Amino acid sequence: MGVMNKLRENTGVILWILVISFGVIWTLQDSDVFNTVGQPTGNIAVVNGADITYQEFQQAVEQQMQRMREQMGGDVTPQMQDMVREQTYTQLVNTQLIEQEMDRLGVDVTDAEVMDMVYGDNPHPVIRQQFSDDSGQVDQQLIANLAQNPEMRQSWLQLEDFLREERRQNKMNTLLQSTVHVSERDVQDAHFRQNAAADVQYVALNYASVSRDEVEITESDLRDYYDENREDFRRERTYEVQYASLPKVPTAEDSAAVVEDLESLRSEFSATDDVAGFLDRNGSAVSYTEEFVEASSLPTPVAEAVFADPTPGRVTDMVVANGNAQFIRIMGTEPVEEPEDGEPDVAVDIAQMALEIRPSVATLRDLEDRMDDVAFYSDEGDFEEEAANQDAPVDELTAQDGDVTFPSLGQSRALRDFLSSAEETGIISDVIELDDRFVVAHLTGIQEAGYRSFSDVESQIEPRVLQQKRKAVQVQRMQDAYQGAASLQELADALDTRLRTRDGVGYDDNVIPGLGRDLAFTGTVFGLESGERSGVVGGANAAYVVEVTNWNDPEPLTDAQRTQLREQLRAQRQQQVVNQWIESLREEATIDDNRAAYF
C-alpha cells in the first residue's frame, strides 16, 4: 500500500514537471490537455507548415499568468497580460523552429540513452529526486513498479518522453556550444579592459567653437547629405490615430463599499493579538513590519492621524492616503533622540489595515460597455460624436508600424496589432483595455513606408551639415599644427588652447572633460602603448590628439579569477550564438501569424 501511495505521489510530481517549461510543451498535445471544451479552435501560428494551435498557446499563456500571479501575489494587469502573450507566442514559435532544426540535423536520442538516464550509474536529477530511498539511493524496485503498473503506464510514457526531449535539447545545446572557443588571449584582453586604466594627456578643439560665419552651407551641401544618408530618413509605415478613452476610476459607490468593508473589520482589528496575520488574511494593501518610523517618513494624512495622539493601542479614524482607505493601530512608541524642528519626539510602530479604493467589477464592466458603444456606433456614425455621447475625451497620436509604446497611453500590443493589420483608413478598433483606462482607436490616416522628402527633413539636415563643416575646419587646424609640434604642449600652444590631463581612464569611461560623450576616445587610448601618441582624431564633438603617459596595469589573474572570467566569456558568447542561431531560423522560416483572428 505504501508503494502505491508513493507511486501516486510521484505521478503528480511527474505531471507537474512535464508542464513547467515550453521546451516540453508538446507533451501536453500528446496528452490532449489542449482539447478543452468551449475554447476556440484553429492555429495561432503555422511555422514552416507545422501548426501551433490556439489551445496550445492559451494553455501556455495561462501557465505563465499563474506563475506571475504567484510571484507578484496579486492580479496581472492588462498590459502585463499583453506582454505575456507576446513572450509566449515568441517562445512557442522558437520552440517549433528548434524542433524542426533538430529533426533536420538528425539530433536523436536512443532508447538505450533514455534507459541509462533512468537505470544508469548517474540517473537524471528527476529520477534521483523522486525515486530515492531514505539513504539517498535510487529505489530501482519503485521505478520497476511504476514502469510495469498498467494504471501508471501513461505517466511512465510521459516521463520517458520528458527525459528523451531534454536529452535531445542538451545534445543540441552541446552542438551549439561547441562552436564557442575562449582563448587565453581572450581572457587576458577581457581582464585588461575591465581593470586597466591609463593616465593621458590630450589637446582638443571643439567643433562648437567654430562660428557660423566661418563656414558656408549651400543647398547643394544639404542635398548631397540627404542623398548620401538617405537611409537615415527612411520612414516606416506611419499612422494617424484618434482615440477615445475612459479612465478606470472608482465611483462614489465603489469608495463607499470599500469603506463599509473596512468598517466591518475595525473591532476585530482593534482587539487582535496577531496583527500581521489579521492584515494578511484580510488582504491589507500594507503589511505589518514591526518597524518604528518617524512622522516625516509617513504620508501626511497618516502622520496627522497617528501623531494627533500616538497612544499605544489607539486605532485612528478612517484615513485615506495613497489610494487606500485605512485604519491605523498604534502598536508602540520609542523616543527620537534628536527630532527635527517641529517634528514629534517619538517614533511609532503602526499597523495599517488598508484596502485599496479601486473600481469594482461592475464599474469596469460599465466603462467597457460604454466604450464598446463608441466602437459599435462609430462604424456607421461620427467617431467624435459617439465618443462625446459617452463623455469619452478624444485625443490624437502618430505611430509607426511596429511601435508598441504610444504617447500618453504607454505599451499596448493590441493597438500595435490593430494598426499593423489595417488595410484602409476609417476603421475602428475593438475596445482595448490598458492598465488605467479603456481605449477605442480610430485610424484616420496611413502613410506607407518610404523616404521622407528633402523638404520635410531639410531643417534636420542643416545642423548635421553644419557639424560636418565645423569638424572639417577643426580637424584641418589640428592636422596643420600637429605637423610641426614636437610635443602635445607645443601643439596646445600653437592652437592657443590648453593641454588637458586625465588620470585613470578606464575602458568604460565614455564622458571626457572637454570632449563630452565620445566612444572613440577610450577606444583610441586602449590602442596605444605607454608614451605613444595618437594621430588627429575627429571625434563626436571635437578634434583631438591623445597620448598615454602611463598604464596602470591590473594585478595578474589568479587561477580562480581566470576560470571565472573564462566561464563568463563563454556564457556570453554561447548566448550570442544561440540568439543569432534562433534569429537566423526565424529569418529563413515561413511563419503565418494568426493572432489577429483571436485577440
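The values are calculated or read from the model by the stated rules, or taken from the named source; none is laboratory data. Everything numeric in this text was worked out from a predicted model, so none of it was measured. Neighbour counts run over all protein chains shown; Cβ positions are idealised from the backbone, glycine included.
Odds and ends about this structure:
- Of all the listed residues (R470, R502, R477, R498), the sole one being under 49 Å from the mean Cα position of the chain (by Cα), exposed (fewer than 13 other Cβ atoms within 10 Å of the Cβ) and of a type in the set (K, R) is R498.
- Options L515, L491; residue that is at pLDDT 95 or above and within 23 Å of Y207 (Cβ to Cβ): L491
- Listed here are the helices (runs of 4 or more DSSP H) enclosed by the stretch 77-185 that have at least 2 residues being modelled with pLDDT of 85 or more: 78-105, 111-119, 125-130, 153-177.
- Residues in the stretch 129-170 that are over 30 Å from G106 (Cβ atoms) and charged (D, E, K, R) were compared, and the one that is surrounded by the fewest Cβ atoms within 10 Å (Cβ to Cβ) is D134.
- Taken over the stretch 569-599, the criterion of being out of contact with any Leu (no Cβ under 8 Å at 6 or more places or on another chain), surrounded by 14 or more Cβ atoms within 10 Å (Cβ to Cβ) and under 21 Å from V180 (Cβ atoms) is satisfied by L569, R570, R573.
- Of the residues A271, A303, A256, A244, the single one that is within 29 Å of V346 (Cβ to Cβ) and surrounded by 12 or more Cβ atoms within 10 Å (Cβ to Cβ) is A303.
- E228 vs. criteria outside the structural domain of Q96 (by TED's automatic domain parsing) and either under 41 Å from the mean Cα position of the chain (by Cα) or touching a residue at least 24 places away in the same chain (Cβ under 8 Å) (or both): yes
- Selection of the stretch 349-374 for residues being surrounded by fewer than 22 Cβ atoms within 10 Å (Cβ to Cβ), of a type in the set (G, A, S) and either under 15 Å from V259 (Cβ atoms) or touching a residue at least 40 places away in the same chain (Cβ under 8 Å) (or both) yields only S360.
- Output for the stretch 324-344, where each listed residue is surrounded by 12 or more Cβ atoms within 10 Å (Cβ to Cβ) and farther than 26 Å from D274 by Cβ: V336, P339, E343, P344
- The residues of the stretch 254-270 that are among the charged types (D, E, K, R) and either more than 28 Å from D395 (Cβ to Cβ) or more than 39 Å from the chain's Cα centre (by Cα) (or both), listed by number, are E260, D261, E263, R266, E268.
- Inspection of the stretch 508-521 finds a residue satisfying the criterion of being small (G, A, S), assigned by TED's automatic domain parsing to the domain that holds V473 and assigned to a helix (DSSP H, G or I).
- Restricting the stretch 522-547 to residues that are farther than 16 Å from K471 by Cα and within 40 Å of the chain's Cα centre (by Cα), the residue that is surrounded by the most Cβ atoms within 10 Å (Cβ to Cβ): V546
- Scanning the stretch 349-386 for residues that are out of contact with any strand residue (DSSP E or B) (no Cβ under 9 Å at 6 or more places or on another chain) and among the polar types (S, T, N, Q) yields a total of 2.
- Among residues of the stretch 190-219, those that are surrounded by 14 or more Cβ atoms within 10 Å (Cβ to Cβ) and not in a strand (DSSP E or B), counted: 10
- Of all residues in the stretch 249-278, those satisfying the criterion of being touching a Ser or Thr at 6+ places or on another chain (Cβ under 8 Å) and farther than 17 Å from V320 by Cα are A276, F278.
Okay, residues lined up against (1) part of a helix (DSSP H, G or I); (2) among the polar types (S, T, N, Q); (3) more than 30 Å from E433 (Cβ to Cβ):
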position: F269; (1), (2), (3): yes, no, yes
position: A276; (1), (2), (3): yes, no, yes
position: G283; (1), (2), (3): no, no, no
position: E290; (1), (2), (3): no, no, yes
position: S296; (1), (2), (3): yes, yes, yes
position: V320; (1), (2), (3): no, no, no
position: F327; (1), (2), (3): no, no, yes
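- Check on A190, in contact with a Pro (Cβ under 6 Å, 6 or more places away or on another chain) and not β-branched (V, I, T): no
- Verdict on E236 being of a type outside the set (S, T, N, Q), over 34 Å from the mean Cα position of the chain (by Cα) and loosely packed, with under 15 Cβ neighbours inside 10 Å: no
- Leading residue by the ranking (farthest from D366 (Cα to Cα)) among those in the stretch 385-402 that are surrounded by fewer than 16 Cβ atoms within 10 Å (Cβ to Cβ) and of a type in the set (D, E): E396
- Top-ranked residue in the stretch 70-112 [being surrounded by 16 or more Cβ atoms within 10 Å (Cβ to Cβ) and of a type in the set (D, E, K, R); ranked as farthest from F57 (Cα to Cα)]: E101
- Positions within the stretch 40-74 being within 12 Å of N594 (Cα to Cα) and not in a loop (DSSP other than H, G, I, E, B), in sequence order: N43, I44, A45, V46, V47, D51, I52, T53, Y54, F57
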